[in-house]
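As structure tokens, the structure follows; a few thoughts come after it.
The values are calculated or read from the model by the stated rules, or taken from the named source; none is laboratory data. All of these numbers come straight from a predicted model, not from anything done at the bench. All Cβ positions, even for glycine, are placed from backbone atoms using ideal geometry, and neighbour counts span all protein chains on display.
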């Protein structure tokens, strides 16, 4: 039985807020004497007030323990400030833990920040050798792999240009390529691919997946992009306020992360959502939710079921509701329309809608709704609209295989505003009072 490549044994990392070292002995004595006399710190910035939390102790990590076996690709996820980057810095030996022990079996290649190990005045070629040496590669090893590194990074045209003229994406391409071609047993990545273009991100994820499966390389990957976590990682560790709250399979880990970080994603009261000035408010949407569901996760190939509560404030003719979906990047994806006909003033409704999402790829999406009144000439008047009123996450379903769908509905719509898909939908509308 093989031994773990990484053993994390009850590690903690403590910081003292407001405490900054690195001053001279004379300055430290001046500060101490001023404090004993109740005087202002002579070394503080002019006008700066003493923070109330000075010397407060903060546990960035609190008793974290887990093992990572050879060939595992493990995702580390959690909210901002959960301790993810601190954990990777400890494993990379950038800083030391306050308590506990870390045992590594093998050479580590890590990318914790964009441009780490790069000197801006040196060329890309020179920085390949510099960064490779920092990561533990010998010159002969870099010589042997240099052409492969440059080709993977797609940087042949700029390899002899000083990196101070590189964009952040160019930094990442070259730095990742160096780290990926190091013959290390452990590879650590901290969200650095977020600044790369989509094509290169896919290339990097494919490379990391191949390294884990074919070369038995151990990978620790931090990201807020759940789609990349699902694609690369077979195991997920969720951190919350410096503690491990989940350690297990990827789908369950993603669900746990979204549950921890959800802020009313399953129930939204819509009175505070800003409406367009063009809305006549003949209809008022009050509340939207995912009924009988504790999270906003939906499997690829399934259906999104949401419930909308709304009311009329005046008599309306030929009312139509349009629900549309945007990707989290604001790219329009698709829409559906539901007719309600003529409505009287003072009516309250509860409408359940199921949208077929078989055509959606894994990722984050927003749901929006609009109500229109359409007169006999076809002119449309907005009555109410709520943009991005619900967020939901589509998770990869590996048991299904998406096939091209031949939609025969010939309906004209505004492609730029509503996207390319006309969703198949079913609905149930109930008059409450």
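If you go through segment 3-18 one residue at a time, do you hit one that is modelled with pLDDT of 80 or more, assigned to a loop (DSSP other than H, G, I, E, B) and surrounded by 11 or more Cβ atoms within 10 Å (Cβ to Cβ)?
yes
Kindly provide the set of residues from segment 72-121 that are surrounded by fewer than 18 Cβ atoms within 10 Å (Cβ to Cβ), out of contact with any helix residue (DSSP H, G or I) (no Cβ under 9 Å at 6 or more places or on another chain) and in a loop (DSSP other than H, G, I, E, B), ordered by number.
80, 81, 93, 98, 105, 106, 107
Which condition does residue 336 not pass, out of (1) crowded, with 16+ Cβ neighbours inside 10 Å; (2) under 12 Å from residue 393 (Cα atoms), if it passes all the others?
(2)
Being under 24 Å from residue 82 (Cβ atoms) and free of Cβ contacts under 8 Å to residues at least 12 places away in the same chain, is that true of even one residue in segment 165-187?
Taking every residue of segment 165-187 in turn, none turns out to be under 24 Å from residue 82 (Cβ atoms) and free of Cβ contacts under 8 Å to residues at least 12 places away in the same chain.
Has segment 60-80 got at least one residue that is modelled with pLDDT under 85, outside the structural domain of residue 207 (by TED's automatic domain parsing) and over 26 Å from residue 172 (Cα atoms)?
no
May I ask you to list the residues in segment 338-363 that are in contact with a helix residue (DSSP H, G or I) (Cβ under 7 Å, 6 or more places away or on another chain) and part of a strand (DSSP E or B)?
Within segment 338-363, 363 is the sole residue that qualifies.
If we scan segment 299-316, do we find a residue that is closer than 28 Å to residue 231 by Cβ, in the same structural domain as residue 390 (by TED's automatic domain parsing) and touching a helix residue (DSSP H, G or I) at 6+ places or on another chain (Cβ under 6 Å)?
Taking every residue of segment 299-316 in turn, none turns out to be closer than 28 Å to residue 231 by Cβ, in the same structural domain as residue 390 (by TED's automatic domain parsing) and touching a helix residue (DSSP H, G or I) at 6+ places or on another chain (Cβ under 6 Å).
What's the number of the only condition in (1) free of Cβ contacts under 8 Å to residues at least 24 places away in the same chain; (2) within 28 Å of the chain's Cα centre (by Cα); (3) not in a loop (DSSP other than H, G, I, E, B) that residue 129 fails to meet?
Exception for residue 129: condition (2).
To keep it simple, each residue is scored yes or no on (1) part of a strand (DSSP E or B); (2) at pLDDT 90 or above.
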residue	(1), (2)
314	no, yes
326	yes, no
365	yes, no
371	yes, yes
404	no, no
409	no, no
417	no, no
